[in-house]
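Asker: Below you will find the structure I want to go over with you.
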Amino acid sequence: MSEMILQAERVTRSFDLGAGSKLEVLRGVSLQVRQGELLAITGPSGCGKSTLLHILGLLDLPNSGQVIYQGQRVLDLSSHQRDQLRCRSFGFVFQLYHLLPELNVLDNVLFPQMILFHSSSWWSQRGPARRRALDVLERVGLQQRLRHRPNQLSGGERQRVAIARALMNQPAVLLADEPTGNLDKQTGQEVLRLLHELHRSGQTLLLVTHDAEVAQSADRVLRLEEGQLIPAV
Amino acid sequence: MYKWFLAYQYLIKRRIAYFAVAAVGLCAAMVLVVHSVMNGFVDTLKNSSRKLLGDVILEVGSTESFPFYDEFIELVKKELPGQIQAASPVVMNYGLIKILDPFDRDRVNTVLVNGIRLEEYKKVNGFSEGLYYDHYYPGTTTLAPTSQPTWYYDLNDLRRLPEQYESALARYREVHPQDSTLEKESGLLGPGNWPGLFEPANNQQIERFLDSGDRRALEYRDQPLPGVILGVEMVHYFDSKQKAYLRMYPLGTKVRLMLLSMTTAGDVTADKVDTHVLRYVDDSRTKVYEIDKQALYCDFDWLQEKLRLDRLERLDGTFSPPRAMQIQIKLIPDADYHAARDIIEKLFMERFLPQIAPQLEHRDLVNMQYMQIRTWEERNQSFILAVEKERILVLILFAIVSLVAVFLIGCIFYMIVQQKRRDIGIIKSMGASSRGVAGIFLSYALAVGTVGAVFGLSVGALFVRYINEFQDFIATQIHPGLRVWSPETYSFDKIPSVVRWEDVLIIGAVAVLASVIGSLLPAMKAAKVWPVDAIRYE
Ligand SMILES: Nc1ncnc2c1ncn2[C@@H]1O[C@H](COP(=O)(O)OP(=O)(O)OP(=O)(O)O)[C@@H](O)[C@H]1O
Ligand SMILES: [Mg+2]
């Protein structure tokens, strides 16, 4: 039994819809992510998968419950500490890639490092950071496209850049929200193969998808329904 | 680090940044141009008004005369030893002149005639700086009767000026070995390589020379006439082809002067108009257009006599003392002219006036009790103050323009933040703090402000530097009506401007500050973006 890295305890999240009505999306979700596993979360559209992922990645806050990262109760941290933790330990991959349009491929991938290091230490970290960026880009097969801007890339290439960017700070957990949702079947497969490769090399991966086939390939699949997580059959 | 990096990328890659830069730049340029012209205006005005009349000026009224001026000058020099550089009386009168131009262009001007003691007058104020011929031919200008100087061909077929002028010009060249103005002025007008406009010797002169062998026959002609120095605006015009001011009348042209007779009380008497013919011996440029348009200078004693202000025999056989309209006093450099004025006033009122009172006619005594003794600043106060007030207007303009810049930047940055919501969400998802996100936009504004200020101030400084050329270009190439700065409305023939480094720095700093302040609210809005909301909606 490998070590627990990320945990959610009875997390609830609801949205005010105005006029007194409330949309309860998560109704006491508990979840444990183990070091090095590939965990897939599925469920019908609008059931709250993205919401859960954002809470686990410290991007959003639950109304109640607790998120525990390596024994640390995350909600007790200050927002600044949470920002730092997110920067250091989590990498996001989104359905719509979300690259920064003004930056070229290399700068997009370097960007998390710039956030990680303060201005003063950046200059000494620049060389290693650059080398690491080239490394990561090679892993996703884009070492030839360093100077290209995002709008000069195909969807699959963009998603690979996004993955490279998410890996840049060597996150403990990689959170991918429908990474293949916007790609055609073949490109989706390639991206998936890349994620599996990462997983094989030890990367902890949390994958949100409503594609049953994609979910199938995970170590473990959980299904979000009616605001509750249930093991998928 | 990422703040500066992203700010830089936004600056060079987002077109909207160019608008922000242009907005800040134009504001800075505008303030710099207005401020510099205003500064130049005030400075020139002060400078030239100081050079106009000496440091301390005594007068009863502009054309009312008073006696015993030389006696008072003597007293002042004795009582303020080592403090007075020069002092000189002036007589004044209004008149009409007609320049008897060889080309028969009839020009009649109303003039203010100043009778001056030239050598003293040159020491008392900046008059000598504005003399054209006396500048290039030092020592040649005199108000005493002279003939007209002419140029001629010598035996080697070289063009020659009268000996007196040639040696004076040589002296000038010796003192100013590399003088570009001399180069420029030489040969503008006539056939000779010299500044100014001279008449060629005529056949009569040549015949007389052949008869007598006397070179002076070629150098001068006509009977001697008293000299007159004309305000430069009466004798020159701007030639747009040569891009220079050219003189219309040859040196020594005759000028007919009609003097209005005035009583000692300053009333015009219509019974008789005296006409005199003088010779144009130089022109004067004080840089104050109104003065250069209508001031004329002739010899003090000559004018005094013509105005019957000299020593006159009264009906009872006694004599009335000669009279003047003004005394100008020049102090030694760096003297405290306010203090000097007070001393001179005290001297006049408490010692001099009681002393001469028994010899004064009653009307003079009354008049002289109202003698106005003023420093150059006080004397020219009305127009210096007017412009000083305008400086405050410029300050208000500066404040308004800064505010405009703040709002412009605010609007533009609000739009940018709105556009960039999704990116802000992504950046936060990578671990940037709210403060960091605000920092991106503040850095961006700082960069926009700096680039805008540098760009705007350079354009502004360049514009100010070439503002006269620019205006000439517009006026000559597009439409003469576009000449904004017409010498008739403003006192100077050129648009004055002074660019001070400290002003440039202050304007630049305010421009940068204004951009940062303008971006403050948008930056706060960016900081508050909730990343999930920003990422969720496309
Ligand atoms: N800020 C919000 N305000 C109101 N409702 C919201 C907000 N965010 C999410 N919701 C709602 O919460 C529910 C869950 O949203 P979420 O994006 O987590 O679903 P999902 O499972 O990821 O769906 P999909 O598979 O389509 O991506 C949706 O019904 C959505 O409309
Ligand atoms: Mg979703």
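The values are calculated or read from the model by the stated rules, or taken from the named source; none is laboratory data. Computed from a predicted model, the values in this text were never measured in an experiment. Backbone-built Cβ (ideal geometry, glycine too); neighbour counts: all protein chains shown. Note: areas computed on protein heavy atoms with side chains; ligands, DNA, RNA excluded. Shrake-Rupley method; radii C 1.70, N 1.55, O 1.52, S 1.80 Å.
Asker: Quick one: Karplus J couplings for the range A:28-43, per residue in order, coefficients 6.51, -1.76, 1.60, θ = phi - 60°, nearest Hz, x for Gly and Pro?
Answerer: After applying 6.51 cos²θ - 1.76 cosθ + 1.60, I find x, 8, 10, 7, 10, 10, 9, 4, x, 8, 10, 10, 10, 10, 10, x Hz.
Asker: For the range B:180-261, divide the Cα radius of gyration by the Kirkwood radius and give the resulting Rg/Rh value with two decimals.
Answerer: On the way: Rg = 16.0 Å, Rh = 15.2 Å.
In the range B:180-261, Rg relative to Rh is 1.05.
Asker: Next question, about the same structure. Can you list which of the DSSP-assigned H helices in chain B have a Cα extent of 27 Å or more along the long axis and an average Kyte-Doolittle score of at least -1.0?
Answerer: Details: long enough: B:15-53 (57 Å, 1.02); B:381-419 (57 Å, 1.83); B:434-465 (46 Å, 1.45); B:501-527 (37 Å, 1.57).
Membrane-span-like by this rule: B:15-53, B:381-419, B:434-465, B:501-527.
Asker: Still on this model: Would you work out which of B:223, B:177, B:196 lies farthest towards the positive end of the dipole of the range B:174-229, given +1 charges on the beta-carbon of Lys and Arg and -1 on that of Asp and Glu, about the Cα centre?
Answerer: Sorting the options by dipole projection puts first B:223.
Asker: Take residue B:129 and residue B:346, extend 7 Å from each Cα along the Cα→Cβ direction, and tell me the distance between the two endpoints in nm.
Answerer: About 3.1 nm, to one decimal.
Asker: Would you compute the Debye intensity of the protein assembly as shown from its alpha-carbon atoms alone, equal scatterers and no solvent, and pass along log10 I(q)/I(0) at q = 0.06, 0.10 Å⁻¹ to two decimals?
Answerer: -0.62, -1.03
Asker: Right, here's the next one. With r defined as the distance between the Cβ atoms of residue B:503 and residue B:377 and R0 fixed at 30 Å, what FRET efficiency is calculated, to the nearest 0.05? Each step should come with its number before you reach the end.
Answerer: On the way: r = 23 Å, r/R0 = 0.78.
The calculated FRET efficiency here is 0.80.
Asker: Beyond 23 Å, what percent of the Cα pairs of the range B:231-367 remain? Could you put the intermediate results ahead of the total?
Answerer: Working: 5369 of 9316 pairs.
Of the Cα pairs, 58 percent sit more than 23 Å apart.
Asker: Follow-up. Report the relative contact order of the range B:395-509, percent, no decimals, based on alpha-carbon pairs under 8 angstrom and at least 6 residues apart.
Answerer: 18
Asker: With θ set to phi - 60°, apply the Karplus curve 6.51 cos²θ - 1.76 cosθ + 1.60 along the range A:200-215 and write out the HN-Hα couplings as whole Hz, x wherever there is a Gly or Pro.
Answerer: In residue order, the calculated couplings are 4, 7, x, 6, 6, 9, 10, 10, 9, 7, 10, 8, 4, 5, 5, 4 Hz.
Asker: Here is a further query. Express the Stokes-Einstein translational diffusion coefficient of the range A:106-233 in µm² s⁻¹, to the nearest whole number, given a Kirkwood radius over alpha-carbon pairs, 20 °C and a viscosity of 1.002 mPa s.
Answerer: Working: Rh = 16.0 Å.
Using the Kirkwood radius from Cα pairs, D works out to 134 µm²/s.
Asker: Taking a ≥ b ≥ c as the square roots of the Cα gyration tensor eigenvalues, with a/c under 1.5 meaning rounded and otherwise prolate when a/b beats b/c, else oblate, which class fits the range A:74-127? The partial results should precede the final answer.
Answerer: Working: a/c = 2.78, a/b = 1.17, b/c = 2.37.
Oblate, since a/c reaches 1.5 and b/c is not below a/b.
Asker: Take every Cα pair under 8 Å in chain B that's 6+ residues apart, average their separations, divide by the length, and report that relative contact order as a whole percent. If you can, show how the numbers build up before the last one.
Answerer: On the way: 926 pairs, mean separation 146.6, N = 538.
Worked out over chain B, it gives 27 percent.
Asker: How much of the DSSP bridge set in chain B is antiparallel, in percent, rounded to the nearest 5?
Answerer: Values: 55 of 67 bridges.
In chain B, approximately 80 percent of DSSP beta bridges are antiparallel ones.
Asker: Can I ask one more? Could you list which residues have their amide H under 5 Å from that of residue B:282, counting only those 5 or more apart in sequence or on another chain, with H placed in the peptide plane?
Answerer: So residue B:282 has HN proximity to B:228, B:230.
Asker: Suppose accessible area is computed on protein heavy atoms with a 1.4 Å probe; arrange B:179, A:219 from highest to lowest. Kindly include the intermediate steps, with their values, before the conclusion.
Answerer: Values: B:179 30, A:219 90 Å².
In descending accessible area the options line up as A:219, B:179.
Asker: Kindly identify the range B:83-161 as rounded, prolate or oblate by the Cα gyration tensor criterion: order the square roots of the eigenvalues as a ≥ b ≥ c, call it rounded if a/c is under 1.5, otherwise compare a/b with b/c, prolate if a/b is larger, else oblate. Could the numbers behind the result be given before it?
Answerer: On the way: a/c = 3.03, a/b = 1.33, b/c = 2.27.
Judged from the Cα gyration tensor, the range B:83-161 comes out oblate (a/c at least 1.5, b/c at or above a/b).
Asker: Between A:112, A:128, A:179, find the one with the highest GNM mean-square fluctuation for chain A; connect C-alpha pairs within less than 10 Å.
Answerer: Among A:112, A:128, A:179, the largest GNM mean-square fluctuation belongs to A:128.
Asker: How much accessible area per residue does the protein assembly as shown have, counting only protein heavy atoms and a probe of 1.4 Å, in square angstrom? Could the numbers behind the result be given before it?
Answerer: Working: 36660 Å² over 771 residues.
About 48 Å² of surface per residue is accessible.
Asker: What figure in square angstrom, to the nearest 10, would you give for the accessible area of residue B:137 with a 1.4 Å probe?
Answerer: Number for this one is 0 Å².
Asker: Would you mind counting up the charge near residue B:17? Only other residues with Cβ under 13 Å from its Cβ, with Lys and Arg at +1 and Asp and Glu at -1.
Answerer: Numbers: positive: B:13, B:14, B:15, B:420; negative: A:102.
Around residue B:17, the surrounding residues sum to +3.
Asker: For the range A:103-147, list whatever residues lose no less than 50 Å² of accessible surface once every protein chain is in place, relative to that chain by itself, with the probe at 1.4 Å.
Answerer: So the qualifying set is A:111, A:114, A:115.
Asker: Now for a separate question. In terms of the ratio Rg/(2.2 N^0.38 Å) built on C-alpha atoms, what value belongs to the range B:392-438? Before the final figure, lay out each step's value.
Answerer: Working: Rg = 16.4 Å, N = 47, 2.2 N^0.38 = 9.5 Å.
So the range B:392-438 has a normalised radius of gyration of 1.73.
Asker: Under the Karplus relation 6.51 cos²θ - 1.76 cosθ + 1.60, θ = phi - 60°, what is the ordered set of whole-Hz ³J(HN,Hα) values for the range A:137-145, x standing for Gly and Pro?
Answerer: 5, 5, 4, 8, x, 10, 5, 8, 10
Asker: Across 5 Å bins from the origin, how do the percents of Cα pairs in chain A run, short distances first?
Answerer: That works out to 1, 7, 14, 18, 19, 16, 13, 8, 4, 1, 0, in percent per bin.
Asker: Can you give me the P(r) profile for the range B:1-158? Cα pairs, bins 5 angstrom wide beginning at 0, each as a whole percent.
Answerer: Taking every Cα pair in the range B:1-158, the percentages come to 1, 6, 8, 11, 12, 11, 9, 7, 6, 5, 5, 5, 4, 5, 4, 2, 0.
Asker: In terms of the Cα gyration tensor, with a ≥ b ≥ c the square roots of its eigenvalues, is the range A:172-233 rounded because a/c is under 1.5, prolate because a/b exceeds b/c, or oblate? Write out the running numbers ahead of the final one.
Answerer: Working: a/c = 1.94, a/b = 1.29, b/c = 1.50.
Verdict is oblate for the range A:172-233.
Asker: Can you pull the semi-axes for chain B, root of five times each eigenvalue of the Cα gyration tensor, sorted largest first, whole Å? Show your work: numbers first, answer last.
Answerer: Values: eigenvalues 783, 209, 67 Å².
Working through the eigenvalues yields semi-axes of 63, 32, 18 Å.
Asker: Quick one: pull the percent of accessible area on the range B:221-343 belonging to carbon and sulfur, 1.4 Å probe, ligands and nucleic acids left out. Kindly include the intermediate steps, with their values, before the conclusion.
Answerer: Values: 2890 of 5480 Å².
Carbon with sulfur: 53 percent of the solvent-accessible area.
Asker: In Å², rounded to the nearest 100, what is the total accessible surface buried by chains A and B against each other with a 1.4 Å probe? Let's see the in-between values first.
Answerer: Numbers: alone 11790 and 27380 Å², together 36660 Å².
Chain pair A/B: roughly 2500 Å² of buried accessible area.
Asker: I've got another one for you. How about the range B:282-370: which GluC sites (Glu not before Pro) there are in a DSSP loop, with at most 16 other Cβ atoms within 10 Å of their Cβ?
Answerer: Those that pass, being in a loop and sparsely packed, are B:361.
Asker: Only protein chains counted, 1.4 angstrom probe. Which residues of the range B:1-20 are at least 10 Å² less accessible in the assembly than when their chain is isolated?
Answerer: Those residues are B:1, B:2, B:5, B:6, B:9, B:10, B:13, B:14.
Asker: Sort B:426, B:400 by heavy-atom solvent-accessible area, probe 1.4 angstrom, most to least. Intermediate values should be presented prior to the final figure.
Answerer: Numbers: B:426 0, B:400 95 Å².
Heavy-atom accessible area, descending, gives B:400, B:426.
Asker: How large, in percent, is the carbon and sulfur part of the accessible surface of the range A:87-233 at a probe radius of 1.4 Å? Walk me through the numbers before you get to the answer.
Answerer: Details: 2970 of 6600 Å².
C and S fraction of accessible area: 45 percent.
Asker: So, one more: Quick one: net charge around residue B:173, please, counting Lys, Arg +1 and Asp, Glu -1 for every other residue with C-beta under 12 Å from its C-beta.
Answerer: Values: positive: B:171; negative: B:166, B:174, B:179, B:183.
Overall, the nearby charge balance is -3.
Asker: Amide H to amide H, which residues 5 or more places from residue B:244 or on other chains are under 5 Å from it, using H placed in the peptide plane?
Answerer: B:239
Asker: If the viscosity is 1.306 mPa s and the temperature 10 °C, what Stokes-Einstein diffusion coefficient in µm²/s follows for the range B:13-94 when Rh is the Kirkwood radius over Cα pairs? Display every interim value, and only then the final one.
Answerer: Numbers: Rh = 17.8 Å.
Here the translational diffusion coefficient equals 89 µm²/s.
Asker: After finding the eigenvalues of the alpha carbon gyration tensor for the range B:336-406, what semi-axes result from the square roots of 5 times each, listed largest first in whole Å? Could the numbers behind the result be given before it?
Answerer: Numbers: eigenvalues 429, 33, 6 Å².
The answer is 46, 13, 5 Å, longest axis first.
Asker: For a quick check: with amide H placed at 1.01 Å from N, whose amide H comes under 5 Å from residue A:204's, ignoring anything fewer than 5 positions away on the same chain?
Answerer: Distant-sequence amide H within range of residue A:204: A:36, A:174.
Asker: Which of the trypsin sites (Lys or Arg not before Pro) across the range B:149-237 are loop residues per DSSP, with 14 or fewer other Cβ within 10 Å?
Answerer: On the way: sites: B:159, B:160, B:171, B:173, B:184, B:208, B:215, B:216, B:221; in loops: B:215.
Counting only loop positions with at most 14 other Cβ atoms within 10 Å, the trypsin sites (Lys or Arg not before Pro) in the range B:149-237 are B:215.
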